[in-house]
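The block underneath contains the structure these notes are about, expressed in C-alpha cells.
The values are calculated or read from the model by the stated rules, or taken from the named source; none is laboratory data. The shown structure was predicted, so the numbers you read here are calculated from the model rather than taken from an experiment. Cβ coordinates were reconstructed from backbone atoms using ideal geometry, including for glycine residues, and neighbour counts include every protein chain displayed. Protein only, heavy atoms only, side chains kept; ligands, DNA and RNA dropped before computing areas. Shrake-Rupley method; radii C 1.70, N 1.55, O 1.52, S 1.80 Å.
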Amino acid sequence: MGVFVVILGIYLLVTAFLGYLGYKHTKSSKDYMVAGGNIHPYVMGMAYGATFISTSAIIGFGGVAGFYGMSMLWLTFANIFVGIFIAFVFFGKKTRELGQKYGAFTFPHLLGAHYQSSFIRSWSAALMSIVLPLYAAAVMIGGARFLEQSLKMNYSTALWVLSLIVLAYVFFGGLRGVVYTDAFQGTLMFVMMLIIIIFTYAKLGGITVAHAKLAAMNNLVPAAFLKQGMTGFASMPVFLSQNWYLVISTLVLGVGIGVLAQPQLIVRYLTVKSGKELNRALIFGGVFILFMTGVAFTVGALSNVFFYETSKKIALTASIVGSAGPNTDLVIPMFLTQALPSWLYYFLLLGLLAAAMSTMSGQFHFISTSLSYDLLGKTSKDDSTKTLWLARLGLLVGFAATVLVAYRLPGNIIALATSIFFGLCAASFLPMYAGALWWPRSSKVAAILSMLVGSLLYLFMCLFVYTKDSSIFGLAKAIVGRASLAGSGSFSYMDPLLFALPTSIIVFIVVTLLSKPLNVQQKKQPLTTDI
Amino acid sequence: MLGLTDPGVIAAYLLSIGSALLCVVYGLINWNNE
C-alpha cells in the first residue's frame, strides 16, 4: 500500500507538471476548450487513442471476451478501421474544416451552427451530458475492480479511492494540459499492454500453443451459452443467434459505429491545424488501438486457458466471488493479479489509472464545456471569468453524477453501460453529423426530427425492450411488471441501435428530400437563431 | 493459422492487423498531403 501511495504521488505530480505546461499555453477560454492548435502527430494520435480507450475497453470488454471468446476481435477491427481510419480520413478532415468555418469548439456547437438551430445545440449538449456519467461510471468501475483485486481492497473502498484520485487529478489541472497529459498516459498504456501480451503468451506456451489450447476448450462452454448460440472460445457464434446478436450488434456495432459520434473525440479534430496532421497521426493511432483492444480481447479469451490450467475453472466460473454471480468485470483484474508477477502490479495499476484518467478527463471536459459554453454561454464572446466558473461547476456536476451512478450500478456492467452511450450517440447524431459533412441539401427540420426520433427510440428500446439494458434500470419491471415488453422474443435481445439508427437515417433522408434545403450562404456569426 | 481454426476468428485477427498496417501506410504515403 505504501508503494501504491508513492507511485500515485509521482503520477499526479507528472500529470500536474504536464498540465502546467499546457496551462502556460492556454491563453483564452477557447484554448481551454480545444487546447491550442499546434500539436505533434504523435501527441495527437496518442491523445485521441488514450481518450478513446479506457478501463472500459481493457477491463470491461476484455472481460466480455473472457466469457464469449475471440469473436470479440471483430470489435478490434471495427475500432481500428472505423474508429481510427474512417474517423480520421473521412470524418476528421471534414469536421475540422466545418469547425473552422463556424468557429465551433464543441460537437453540439458544430451541429447547432451548421443547422442554424440552438435547439439542436441545447438538446445534443444536454442529452450527452446526462447520459455520459453512465459511461464515465463504467470507466471508474473498471479502475476500481483492478484496485480491489490487486490491493485486496474492499470494492466500495476502491471506488472511493478512485473517486478521490479523479478529483485530485482534475483539481491539479488534468484538464488543462489535457492533450499532453493524454499522450503521456497513452504511452504508459501502450507499454502496459505490450507487457501484458508478452507475459500472457509466454505463460501459456507461445502464440500458436495458447490459441490451440483455447480452441480445444469448446467442451467447457457453459450449457446456457451453447443454447444461446456460442460454439467455442476461439470460434464465432451461430449466425443470428442470441449470442451473435450480443457480440455483433451490441458490442461490435454499438461501439464500432458509435465512436464516430463521440463528442469527447470529435473535439480532437477541432484541435489540429490541417488535414496533414490527421494523416500523420494515423500512423500512431492505428497501432495504438491494435495494442489496446487487440491485446485486451485476446488476453480476455486466453484467460480461460490460464484459469483452467491452474484451477480447472473457466473465466466465467473463476469470476464468481462468494454468493455473487459470474461477473465479466472481474475477469481481467483476476487474470492480471493471478497470472502476472506481483512486482508488475504497480506498473499495471499506473497503466490502468492512465487509461481511466485520460478518458474521464475528456468526459468531464465535455460535460464542463456543455454547461459553460453550449447550454448557458451561447455566444462566441470570450467572457472568461463567467465561462471559467461555469466550467468548474459543470466539472463538479459531472463528477458527482458519475460517482453516484458508479455506486448504483450492478456487476457485469462496464461493457453494457459503455455500449449504451456509444449507441445513443450514433442513433441520435450520426445521420445529421454525416449530413452536415457531405450532404449540402440536408435540412434543419430533418436534422431535428432525426435527432429526436433516434434518441427517443433508442432510449425507449433501452428502457423497455432490450432486456440486458432494461434490467439495469428496472423501469420496465416497475411499470409493466417484466424486464421487456417483448417478453423473451427476439426483440428482447436485439440491440436498440439496430432499430434506432436505421430509423434515424430514414427520417433524416426522407424529411430532407421533402423540405427546404439549408441556406447554403451560411455566414460566420454568433448563434442566436432559435428552432 | 497460429493455432486458430475458425475462419471467422482468423478473419477478425487478420483484418485487425491489416487495418493497423493500413493506417501506417496511408499516413506515411500522405505525410505531406492535406
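Some values worked out for this structure:
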item: Karplus (6.51, -1.76, 1.60) ³J(HN,Hα), θ = phi - 60°, over segment A:333-343, in Hz, Gly and Pro reported as x; result: x, 5, 4, 4, 7, 9, 9, 9, x, 5, 5
item: Cβ charges +1 (Lys, Arg) and -1 (Asp, Glu), total dipole of the protein assembly as shown, debye; result: 820 debye
item: Number of partner chain Cβ atoms within 10 Å, mean per residue of A:285-296; result: 3
item: For the protein assembly as shown, alpha-carbon Rg relative to the globular expectation (2.2 N^0.38 Å, N residues); result: 0.92
item: Shielding score for A:66-78, defined as the mean number of other chain Cβ atoms within 10 Å; result: 4
item: J(HN,Hα) series, segment A:430-441, from Karplus relation 6.51 cos²θ - 1.76 cosθ + 1.60, nearest Hz, glycine and proline x; result: 4, x, 6, 5, 5, x, 5, 7, 10, 10, x, 6
item: For segment A:42-166, convex hull volume per residue from C-alpha positions, Å³; result: 156 Å³
item: For segment A:148-279, Kirkwood radius (reciprocal of mean inverse C-alpha pair distance, Å); result: 19.6 Å
item: Between helix A:384-408 and chain A: long-axis angle, C-alpha atoms, 0 to 90°, nearest 10; result: 30 degrees
item: Measure of compaction for segment A:439-520 (Cα Rg per 2.2 N^0.38 Å); result: 1.35
item: HN-Hα J in Hz across segment A:102-118 - Karplus 6.51, -1.76, 1.60, θ = phi - 60°, x for Gly and Pro; result: 9, x, 8, 10, 9, 4, x, 5, 4, 5, x, 5, 5, 8, 6, 9, 6
item: Relative contact order (%) - criterion: Cα under 8 Å, at least six apart; region: segment A:439-520; result: 48 percent
item: Placed amide H near A:Ala234: partners under 5 Å, 5+ positions off or other chain; result: A:Met70
item: Surface accessible to a 1.4 Å probe, A:Val453 within the full protein complex, Å²; result: 50 Å²
item: Which listed pairs, of A:Lys203/A:Lys227; A:Lys94/A:Lys276; A:Lys101/A:Lys444; A:Lys312/A:Lys468, have C-alpha distances above 24 Å, in listed order; result: A:Lys203/A:Lys227; A:Lys312/A:Lys468
